[in-house]
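Reading through the structure tokens given below for one structure.
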Amino acid sequence: MADIEDTHFDTGDSGASTTYPMQCSALRKNGFVMLKARPCKIVDMSTSKTGKHGHAKVHLVGLDIFSGKKYEDICPSTHNMDVPFVKREDYQLTDISDDGYLCLMSDNGDLREDLKIPEAEIGQQLKNEYDAGKELLCTVLKSCGEECVIAIKTNTALDK
């Protein structure tokens, strides 16, 4: 019999990709694309005429969906670009811990306490409205293994 090797796996990754390919000419403004290995929302794009090498070029301008940083890229219109899988989910804010972590509840009642208050002005707005006693819904964006609260709104159905 052959010796059995003791195999150790650090993660239980399903092997699913965080992106999928899409032809550059099929991308649209307000859609998503990977620019400089970051998930970005396309804010501007323009197409140049076909050059001497036979490809029209697409100039893309995007904002990082987590940091807001601006990225640009130029790609032949017939080439593929990676598009990130982006998931939006709303959670009800139930508490903010002393160390800055949010306690969020999903529609089915599951609690999660793994997201910090965002750094930008939205984080200050979230804290101020929570301290004022308002019921808040937080919109969480998830892509490429990152998650962040990108928007908040007052939950008028829960306010009394």
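For this structure, a couple of remarks:
- Every residue from the stretch 91-110 that is in contact with a Phe, Trp or Tyr (Cβ under 7 Å, 6 or more places away or on another chain) and modelled with pLDDT of 90 or more: 93, 104, 105, 106
- Residue identified as touching a residue at least 40 places away in the same chain (Cβ under 8 Å) and acidic (Asp, Glu) among 99, 82: 82
For (1) touching a strand residue (DSSP E or B) at 6+ places or on another chain (Cβ under 9 Å); (2) at negative phi; (3) surrounded by 15 or more Cβ atoms within 10 Å (Cβ to Cβ), each residue gets a yes or a no:
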{"site": "83", "(1), (2), (3)": "yes, yes, yes"}
{"site": "88", "(1), (2), (3)": "yes, yes, no"}
{"site": "101", "(1), (2), (3)": "yes, yes, yes"}
{"site": "104", "(1), (2), (3)": "yes, yes, yes"}
{"site": "108", "(1), (2), (3)": "no, yes, no"}
{"site": "128", "(1), (2), (3)": "no, yes, no"}
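- A search for C-beta distances below 9 Å between a residue of the stretch 132-143 that is touching a residue at least 24 places away in the same chain (Cβ under 8 Å) and any residue that is part of a strand (DSSP E or B) and of a type in the set (Phe, Trp, Tyr), counting only pairs 6+ apart in sequence or on different chains, returns 137/91; 138/91; 139/91; 140/91; 143/32.
- Residue in the stretch 35-52 that is among the aliphatic types (A, V, I, L, M), part of a loop (DSSP other than H, G, I, E, B) and open to solvent by 50 Å² or more (accessible area, probe 1.4 Å) present: yes
The values are calculated or read from the model by the stated rules, or taken from the named source; none is laboratory data. As the structure is a computational prediction, the values presented were derived from the model and not from experiment. Cβ atoms come from the backbone with ideal geometry, glycine included; neighbour counts cover every protein chain shown. Quick note on the areas: whole protein, heavy atoms, side chains included, nothing else; ligands and nucleic acids left out. Shrake-Rupley method; radii C 1.70, N 1.55, O 1.52, S 1.80 Å.
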